[in-house]
Every structure is written in structure tokens, then in C-alpha cells.
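Colleague: A single structure is presented below for examination.
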Amino acid sequence: MTDLLLSQIKVNDESQFGTDDYVVNLGPQHPATHGVLRLIVKLDGETVKETIPVLGYLHRSIEKICENRTYPQCITYTDRVDYVSAMSVNLAFALATERLMGLEAPPRAQWLRMIFVELQRLASHLLWMGAFAGDIGALTPFLYGLRERERILDLFEMTCGQRLTYNYIRIGGVMIDILPEFVPKCRAFLDYFEPKIAEYEDLLTYNPIFLERTKGVGVITPEVGINAGVCGPSLRGSGVSCDVRKQQPYLFYDQVKFNECLETAGDCWSRYKVRMRELRESVSLIRQCLDRLEPGPIETKLPPVLKAPPASEIYSRIESSRGEMGIYLVGDGTVKPWKCKYRCASFNNTYVLDQLTRGWKIADIMAVLGSLDMIVPEVDR
Amino acid sequence: MTNEELKTKIESDFKDKVLSATISAQKELIVVVKPESYLFVCQGLRDKSEYAFQHLSCQTAVDYPKENKITVVCHLWSYKYGHQITIKLDVDRANPKAPTLENIWKSANWFEREVFDLYGVIFEGHSDLRRIMMPEDYTKFPLRKDFADDGFIIKPN
Amino acid sequence: MLSGENIVKSVSDLLHQLYAMVGLSAFKGVLDPIVAAHVMFGFISVFVMFLVWMERKVSAHMQSRIGPNRVGIFGLLQTVADAIKLTIKEDIKPVHRDKIPYYIAPIIAFVATFAGMVVIPFDKGMVVQDLNIGLLYIIAITSFTVIAILSAGWSSNNKFALLGGFRSAAQIVSYEVPLVLSLVPVIMMTGTLRLGGIVEYQSQNHWFVLYQFIAFFIFITSATAEANRAPFDIPEAESELIGGFHTEYSGVKFAMFFLGEYIAVIVSSAVAVTVFLGGWLPPFAFLAFVPGFIWFMIKLLLVIYLVMAFRWTFPRLRVDQLMDFGWKVLIPVAILNILVTGFCVLFFGKGV
């Protein structure tokens, strides 16, 4: 009997006396994961050995739904793809459809689209800033960010009646023209908002604890970043010029002046800096658009039934608040898309999380996750 | 390089590896490759400095039940030159198998998991081919056109 | 004249008459501290409620919000409402908890910190028990919270709670060292561990914050860390560990932890006031007509406000950075401070 036991112990030596990983399940309900992202984290003490993202908790099969809706109906669903930056997805889908069908929106509509997409970028970055600071433990910037975001949402509400899912940018133009008081209100907001950026920077940017937590943490090298498909501000933090607005200009982005914000270090702090600088760039962009806004029609005349040409396809990209947003549409000559694929920035940005957090502490997962600006609805669609 | 130049260059560089290279009505260059040379073409497009397609922007699949094929579609983008290309690979619908691009572009890892999850295309050589959106014990492939779930039936249009 | 000493004297006279009426005069040595402790308990409970309200108002002010304003005037009764809600809500317990530590932990957390209040002099003679080793006693008794937190983390059968418990143990043990070291120069200069004695020393000289500013800074920092307050709140880091060691606690047990945290803030702030800011002494001699305990409360609230402002301004440190800061910055500086003070005491005598 004893011999038997001893031999068993010998055989199973490693499995019986080996050490095991400390596996922690972050999410799907967890205060730091911005929704229902689930991370299975293997820990060695406080040190992260592996981070496995588990997706799909917010999968609403939007791509399948879009295959069974007409093109204009799909716009409503695009709002839900990324509800923090719904205008961008509206725009991406509208542009893709227009390119597929050879339509073009009138100039006023284009300028309006630019104004609203850039306002949306401001709103999205503000929310991001608050959430990022909250992940690191500073709770106050969140309220500051939301305070200004409210005013942007007020502008949206004034125009299209909605504050979160706008359904504003339509195929061939925009839903409705702006009110006469929109332009002065928008300008007033920009004048009010620009000094506020300095306030956020005072609170966070050179805060020693903030620097300690973000500098050198989660470095994306340009090679790894490009290869892993990281895009948008997250990749620009590594010094790669990847702004679709510059690379493949859409709307009138080639007619306005703006700088592509690049940082070189590739750590959380650079990504933070890129977004903070983008706030200023967006403000100047909106000003230029407001200056060039001229009266005119806001919608092209669409055919009564919107049909895609048979066997046509388009892959159209825009720069959403989170990075490259691509829409792949395949038309089959009917009123419904045969295939509709959303290429979302968050999906690829979340992929690198494992690489970035290995060997770091558990608290750094939150910092890195926050700095990548991932949004779960966009990952899961 | 314009799309036309790119097209002639690809046709000469990958002469017997490409089934067709066309410029669509939407002015996109679409290249259909032979299954056996899929990896070779992709590797060449990434590594050759005159193409420099470093960025796999999007990878997905389209289901064509009538033609009995699933097309794996890759959209590549070159940060260096700013051009875009669409790579297509047709796989058999009954036995969909394609080589993995994971070793060329890391981003293909999750894209291919998604295509596997929603279309059932098996990527050979993939390091971690699991379902990504649907539950792990799910058996169907929802984005196929003949997909039917209990209480949720859609006929292909 | 209205002063703490007179109030205490008249109240105790009244009490002694009461004892005589029921024939318990022989036990007045035992009964006096019991009554005093109860008075202290009542005061602390109300004060914590006020502090919670104050914290919410301070944070609201810093975040350009309004804060609680519905329950009672200025929302003052908000905490009462919260307390009622906490006491009547269902007590949810994890099934596989380790029963005894799970129940004992909140009690220790509360009692250990509360016991520290016993030696704090609110005014001359206005103290529950002015121990001659008062400072040592406070340091010793408040360290008991680590047992509470560790056993809470362990017994909850929750990985996050355990991580929080471990973090907390490491943190409190590390920050105990600079905390004590920062008080050593003061003891060297005064030659007493009695808190009343330290204040009396300051009444003859200047406040210690003038002599020992570095020690004051180290003390406030490590006291904040010791009380698990932001930016050192890693044991309960919300964004990482959900609730840390008290993730699995609800209802009254959670309230005990909550109370314990605030009492820890009060105790450490009270020690800071007593040791460095002259306790009940007025800032200027001509203001001496204001009773000492009022000065004490004003100073106490100011220090607590400072600690609250930390919380709503700074991000949270990472666990290894926290340890680095404690061991590599605070402790060497504190030791250096002791050395310099030692030389000063040696050459210039105790009075500096």
C-alpha cells in the first residue's frame, strides 16, 4: 500500500507539488473594463503572466442584421457599433454606401459632417480621458471631462434631437440642417472649451504619480504596432503616421489645415499626449469648418429605391475617434448589402493587450487598457 | 503608384500565382490568388519594399452559396506609399480550409478567429483557433447565408 | 472660563455625585473611564458621519458637482440615511467563507482604530486616559487593522479580496516604519511619549511643524498610506480589485470597515495635530480666549481636509511604486532627519 502511494507520488511529482498560476477573472462585470470585456489574467503574485481577453459578451450580430436591412435602415445600427462615437460610424457607413453607389453629398453636407464628426471626436476623447484617469485612480478628471462633453451633447441634441445615438449622417447628406443659432453656440463652446484643455493638462499631464504610472508602461514599438494592426491615436503614440484623414483624405480634410499628432515613445503617456493634442487640433478644425460653411442643399436627391450595383464592393476607411474605421460592403444589385463588415479600431487595439501587459503588474493592465481606448461594443459588434 | 501600375506590376511579379487582377468600378484593385500561392503572395506584398503592405487593415469572408464558395477577403494598406489592395481567396464551402496569415500579420490572429467563428473557415496553422464572439459550445456559423437558428430563420435574399 | 479642563471637572463632579446616590462611589476609578469611553464613542460616531458628509461635499466641490443636498439641510442627514440603509439591508455572505475570521475582521478593524482615540487630548485634561506611553500605544494599537484586513481578505474566499489583503499587509507594515521614524525626532526633543506632555512642550516653544517640517510631511504621507486612503488606496483599488479586502462584505460589516477607515483618518490626523500642530494651543497668544478644544477641532478638520484633497486630486500609485516610495524615499529621509535632530539635541540641548 505504502509502496503504491510512493510510486504514485513519484510519477505525479510535478503535478502534485508544482505551483499553479493565480488566475483572476477580470470581468465581464468589473469596474475597470469599460463594459463587458472579460479578461482572464494569470498572475504570479502581482505580476501578470498572461492576459487572455474573452470577447463576445456584447455581440449583437450587427453584421448579420445589416445583411437583412436596406442600406438606409443600416444607418440606425451603425450608431450602436460604437455608441461613444456614433457620428463616426454613421459617417463611415454613409461614405461607404455613397462610394459603392457613386453618389456624392453636397458641399454643405460635407462641411456639416466634418463639424459633427470632429465634435464627436472631442466628446469621445473627453470621455476617454476621464475613464483613463479613473482607471489609474484619479476620479476627478472624469467629472471634468463629462462637464464639457455635456455641452457637446447639447449641441448634438439641438441639431438632431439625440444625445447618444444620433442617426444624423445619412446616405447622401445629413438628416437635417443646423439651426441658425448653432454656429454662434458652437463657436461659444469652442472659445469656452479651449482653455479647459489646459485645465486638464494641469490636473494630469505632469502630475508625478500620473507620470510614474504611465511613462514607459505598455510600450508599443512601431513594428509591433503596425504588424498587430494597432491604429489611430494608439499607434500615433508610437510615431507612426497613420491618420486616415491625411493618408486617404475623405470629405474635405484635404482642404483644411491640421497637424497629425505624433509622439515617439509609444507608452501610455504618449498615447495620452496624442489624444490631448488631438483635442486642440479638432477645435481648430471645427473653427475652419465653421468658417467655410456656406448655404446650400444638405442632401443629394436619392433614387426612390437605393440599390447597389450588382457584384460591386467597396472597402472604405475613415478615421474615427478610436482609429481606423473600415466598412466593407458587397452589393448584389438588391436593396440590401450582401455583406457588411465593420473593421473597428478597438478590435485590433485590444489584441495587443496581452503582449503589452506581460511581466507588468496587475494595475498596469488597467492603465494599458485605458490608454488603448477600447470600447466593448466596437470589439464585439 | 496608381492602381493601374500596381496591377501590371503585380501581374508581372506574381505571374502564375494570381488568378485575376481587376480594378473594380469603385476603383479598387482586387486580386484573386490561387490557394496554393496565397501565403507566398501575401508575404511578397508585405516584404518587397516596392509594395510594403505592412498593414492588414481588414480580413473577413463573404459567403456565396450559389457558387458554392466562401471568399476570404484581405484588405491591405501600405503606410509607406498609401495604396490599398484587396486580396481574395476562394475556398470550398463544404470543406473550407485556408492557410493562416498569422505569421505574416499578427493582426490576422483575431481576424481569422472571427472568420472561423462566423463562417467556419478553418485556418491551417493558426495558433489559437477558437470561437471569439459566439459561445464556445456553439455549433453553427451565423454569418453563412443558410444559417438558421431556432426561432430565427432568414432566407438568403 | 470655558475650557476643556473645567468642563471635564464639572461633568466628573456631577458623575461622582451620581455614583454616591446609587452607592457606587467605591468603583469610580473603574466607572470613570467607562463613561469617558462611551462619550468618546458617541462623539466619534457622530463625527464620522459628519466626515463622510464632508468628504462627499469636498469631492463634489472639487469635481464641480453639488453633492448630497436632499436629505436634511445641506444634505447633512445623508450619512444617517446611508447608515440606516446599511443596517437594514440583507447581509450577503459568501458560502465558503472561513467563518470566524470573516466575522471577527470588521470588529477588529473598527475596535483597533477606535482604541487609538482614547489617548488623544482634545484640550488640557480633556482626554479619556493620558497614558505616559500614549504615542507608542497609538502606533501599536492602530497596527492591528492589518490583522483585520488580512483576515477579511483571506476568509472571504475571493481572489480579489485576498490580493487586497496581501497588498494591505505589505503596505501597512512598510509604512509603519517611516511613520514611527518620523515621530522619533519629536520624542527626542521632548523626552516624553505622553501626548499631553508633547503639547505642553510646544506651549513653551514653537509648534513642531516649524522645527520638524520634514517629519510632518513624512508623517502625513505615511499616515495616509496607513489609513489606506488615496493615493495609497491600493488594497481596495476600485479599478483593479473591485473592493479589495471588503469586496465580500455588505451591510453592517461593511459599515464597520467604512467606519474604521474614517476613524483611522481621524486618529492619524489627531496625532498630527497633537504632535506637530500644537494640539489645543491657539496659533497666537491673544487668541487664547477661544477654548482649546475648539482650536483642536479646527486644526483637526483642516488636516482631514488636506487628506481628503489628496484623495480627489491624485491618481493611485502602483503597488511596487508604493513600496519603492516608502522604503527608498521616506525611510532614508526619516533616518537622516533623526540624525540631524540628534546632533542638534546634543549640541544645543533639548530646546533646539
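Colleague: Checking B:Asp92 against (1) within 12 Å of another protein chain (Cβ to nearest Cβ); (2) out of contact with any His (no Cβ under 9 Å at 6 or more places or on another chain); (3) at pLDDT 85 or above, only one condition comes out false. Which one?
Modeller: For B:Asp92, the failing item is (1).
Colleague: Still on this model: Check A:Leu306, A:Leu293, A:Leu235 and return the single one that is touching a Phe, Trp or Tyr at 6+ places or on another chain (Cβ under 7 Å) and more than 29 Å from A:Glu67 (Cβ to Cβ).
Modeller: A:Leu293
Colleague: When the residues of segment B:26-40 are narrowed to those that are open to solvent by less than 10 Å² (accessible area, probe 1.4 Å) and within 12 Å of the chain's Cα centre (by Cα), which ends up farthest from B:Phe141 (Cα to Cα)?
Modeller: B:Val31
Colleague: Would you mind stating whether C:Phe213 is out of contact with any Cys (no Cβ under 7 Å at 6 or more places or on another chain), open to solvent by 10 Å² or more (accessible area, probe 1.4 Å) and hydrophobic (A, V, I, L, M, F, W, C)?
Modeller: Yes; evaluated as a whole, the condition is true for this residue.
Colleague: Also: Based on this model, can you work out whether A:Val54 counts as out of contact with any Cys (no Cβ under 6 Å at 6 or more places or on another chain), buried (at least 24 other Cβ atoms within 10 Å of the Cβ) and more than 14 Å from chain C (Cβ to nearest Cβ)?
Modeller: Against the criterion (out of contact with any Cys (no Cβ under 6 Å at 6 or more places or on another chain), buried (at least 24 other Cβ atoms within 10 Å of the Cβ) and more than 14 Å from chain C (Cβ to nearest Cβ)), A:Val54 does not qualify.
Colleague: Another question, then. Condition first: within 18 Å of the chain's Cα centre (by Cα) and outside any helix (DSSP H, G or I). Now tell me which residues in segment C:185-200 satisfy that.
Modeller: Answer for segment C:185-200, where residues must be within 18 Å of the chain's Cα centre (by Cα) and outside any helix (DSSP H, G or I): C:Leu193, C:Arg194.
Colleague: Let me ask something else about it. Pairs needed: first member in segment A:203-227, open to solvent by 10 Å² or more (accessible area, probe 1.4 Å); second member anywhere, among the aliphatic types (A, V, I, L, M); C-beta distance under 6 Å; at least 6 residues apart or different chains.
Modeller: Here the result reads A:Ile209/C:Leu317; A:Pro222/A:Val240, each pair linking segment A:203-227 to a residue that is among the aliphatic types (A, V, I, L, M).
Colleague: Hey, does segment A:248-267 have a residue that's out of contact with any Cys (no Cβ under 9 Å at 6 or more places or on another chain), of a type in the set (Gly, Ala, Ser) and on the phi < 0 side of the Ramachandran plot?
Modeller: yes
Colleague: For the subset of segment B:42-79 comprising residues that are at the interface with another protein chain (Cβ under 10 Å from one of its Cβ atoms) and of a type in the set (D, E, K, R), which member is least open to solvent (accessible area, probe 1.4 Å)?
Modeller: Checking each candidate, the answer is B:Asp63.
Colleague: Identify all residues within segment C:172-192 that are closer than 16 Å to C:Ser268 by Cα and in contact (Cβ under 8 Å) with a residue 60 or more places away in the chain; write none if there are none.
Modeller: C:Tyr175, C:Val177, C:Pro178, C:Leu181, C:Ser182, C:Leu183, C:Val184, C:Val186
Colleague: Return the residue satisfying two criteria in turn: it lies in segment A:57-72 and is open to solvent by 20 Å² or more (accessible area, probe 1.4 Å) and not in a loop (DSSP other than H, G, I, E, B), and of such residues it is farthest from the other protein chains (Cβ to nearest Cβ).
Modeller: Per the criteria, the residue is A:Pro72.
Colleague: The conditions are (1) over 30 Å from C:Thr113 (Cα atoms); (2) aliphatic (A, V, I, L, M); (3) open to solvent by less than 70 Å² (accessible area, probe 1.4 Å), and C:Met21 fails exactly one of them. Which is it?
Modeller: For C:Met21, the exception is condition (3).
Colleague: Can you work out which of the residues in segment B:4-41 that are hydroxyl-bearing (Ser, Thr, Tyr) and touching a strand residue (DSSP E or B) at 6+ places or on another chain (Cβ under 9 Å) is nearest to the other protein chains (Cβ to nearest Cβ)?
Modeller: Across segment B:4-41, the extreme among qualifying residues is B:Ser24.
Colleague: Are there helices (runs of 4 or more DSSP H) fully within segment A:267-379 with at least 3 residues that are surrounded by fewer than 18 Cβ atoms within 10 Å (Cβ to Cβ) and more than 10 Å from chain B (Cβ to nearest Cβ)? List them.
Modeller: Fully inside segment A:267-379 and qualifying: A:268-292.
Colleague: Test C:Leu131 against the criterion of being of a type outside the set (Phe, Trp, Tyr), touching a helix residue (DSSP H, G or I) at 6+ places or on another chain (Cβ under 8 Å), farther than 21 Å from C:Ile294 by Cα and surrounded by fewer than 19 Cβ atoms within 10 Å (Cβ to Cβ), and give yes or no.
Modeller: yes
Colleague: Out of the residues in segment C:64-83 that are open to solvent by 90 Å² or more (accessible area, probe 1.4 Å) and assigned to a helix (DSSP H, G or I), state the one that is farthest from the other protein chains (Cβ to nearest Cβ).
Modeller: Here the residue is C:Ile73.
Colleague: Starting from residues that are more than 14 Å from every other protein chain (Cβ to nearest Cβ) and assigned to a loop (DSSP other than H, G, I, E, B), keep the ones in segment A:133-162 and report whichever is surrounded by the most Cβ atoms within 10 Å (Cβ to Cβ).
Modeller: Here the residue is A:Gln162.
Colleague: Filter segment C:161-173 down to residues that are buried (at least 21 other Cβ atoms within 10 Å of the Cβ) and either touching a strand residue (DSSP E or B) at 6+ places or on another chain (Cβ under 7 Å) or more than 14 Å from every other protein chain (Cβ to nearest Cβ) (or both), then give me how many there are.
Modeller: Final tally of qualifying residues: 1.
The values are calculated or read from the model by the stated rules, or taken from the named source; none is laboratory data. Model, not experiment: these values are computed from the prediction. When we count neighbours, we look across all protein chains shown, and the Cβ atoms used for this are built from the backbone with ideal geometry, even at glycine. Keep in mind that these areas ignore ligands, DNA and RNA; they rest on the heavy atoms of the full protein, side chains included. Shrake-Rupley method; radii C 1.70, N 1.55, O 1.52, S 1.80 Å.
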